[in-house]
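Novice: Shown below is the structure under consideration.
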Amino acid sequence: MHALLAAINCAKGPIEVNLAGHLAVIDTADAGDLVLFPEMSLTGSVDPASEPDRLVPLEDPAVTTLAQAARSGVTLCFGIAERGPDGEPYITQLVAADGAAAAGAKLVLFPAAPGLHGRRTDEASWRSGFSWWQGCSLGDASRHAKRLGLWIAQAGQAGTTKDEDFPGLAALTGPDGQVVARLPDWRAGVLAVDVPAGSSA
């Protein structure tokens, strides 16, 4: 299975900006691909206490548009800050599929939005935040991959938003706990990987 792991910037603002970014990545996908976006990728990371108006229902037109972009066997995994039917906030990850992209691959998806404490003002501060997240996320992925005998694909929010910074990182960890492929740092990017069908430890 071929996958695109998109560590992208997810703006905290008009949802149309993020929708356009998602569609641009999807346009590079081929039939049968899986495209993994970060946690709350479509809405950006939302604090429901301070910005409840930025929560969206599953029926939001942007959610529908993105779900409909799963065409020609492309499978999408993207996230929203959801306003549930009960009015409560939820962090929701959605899968939209047109076909069986998994093709027998044993894979865990790890979308993330790990906001960094304090603003990143120079390369040293970005490097520090990225180092923290890299240790946490790749360490967890390695342990769980070996324990479960599964591949783990991850994609995190990257870059600066209006009030928070994110350390990015897209990576694929094999069932032996080794990182097979990854983006080099905190900058936004899309990592193309192949996950062997039916492989496990």
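The values are calculated or read from the model by the stated rules, or taken from the named source; none is laboratory data. Only a predicted model underlies this, so the values are computations on that prediction, with no experimental measurement involved. With ideal geometry, Cβ positions are generated from the backbone for all residues, glycine too; neighbour counts draw on all protein chains shown.
Novice: Can you find a residue in the range 144-156 that is in contact with a strand residue (DSSP E or B) (Cβ under 7 Å, 6 or more places away or on another chain) and among the charged types (D, E, K, R)?
Specialist: So far as the range 144-156 goes, no, none of its residues is in contact with a strand residue (DSSP E or B) (Cβ under 7 Å, 6 or more places away or on another chain) and among the charged types (D, E, K, R).
Novice: Here's something else I'd like to know. Count, please, the residues in the range 1-21 that happen to be surrounded by fewer than 23 Cβ atoms within 10 Å (Cβ to Cβ) and touching a helix residue (DSSP H, G or I) at 6+ places or on another chain (Cβ under 8 Å).
Specialist: 6
Novice: Checking the condition farther than 27 Å from residue 176 by Cα and surrounded by 13 or more Cβ atoms within 10 Å (Cβ to Cβ), which residue from 107, 66, 76 passes?
Specialist: 66
Novice: Please go through the range 146-178 and give me each residue that is part of a strand (DSSP E or B), touching a residue at least 40 places away in the same chain (Cβ under 8 Å) and closer than 14 Å to residue 107 by Cα, ordered by number.
Specialist: Answer for the range 146-178, where residues must be part of a strand (DSSP E or B), touching a residue at least 40 places away in the same chain (Cβ under 8 Å) and closer than 14 Å to residue 107 by Cα: 151, 152, 153, 154, 155, 171, 172.
Novice: Mind counting the residues in the range 5-31 that are in a loop (DSSP other than H, G, I, E, B) and within 11 Å of the chain's Cα centre (by Cα)?
Specialist: Qualifying residue count, the range 5-31: 3.
Novice: Let me ask something else about it. Restricting the search to the range 34-71, which residues are closer than 27 Å to residue 194 by Cα, outside any helix (DSSP H, G or I) and of a type outside the set (Val, Ile, Thr)?
Specialist: 34, 36, 37, 38, 39, 40, 41, 42, 69, 70, 71
Novice: Next question. Does residue 124 satisfy the condition of being crowded, with 21+ Cβ neighbours inside 10 Å, modelled with pLDDT of 95 or more and not in a loop (DSSP other than H, G, I, E, B)?
Specialist: When the stated conditions are applied, residue 124 does not pass them.
Novice: A follow-up question, please. Considering only the range 132-164, state which residues are buried (at least 23 other Cβ atoms within 10 Å of the Cβ) and among the polar types (S, T, N, Q).
Specialist: 154, 157
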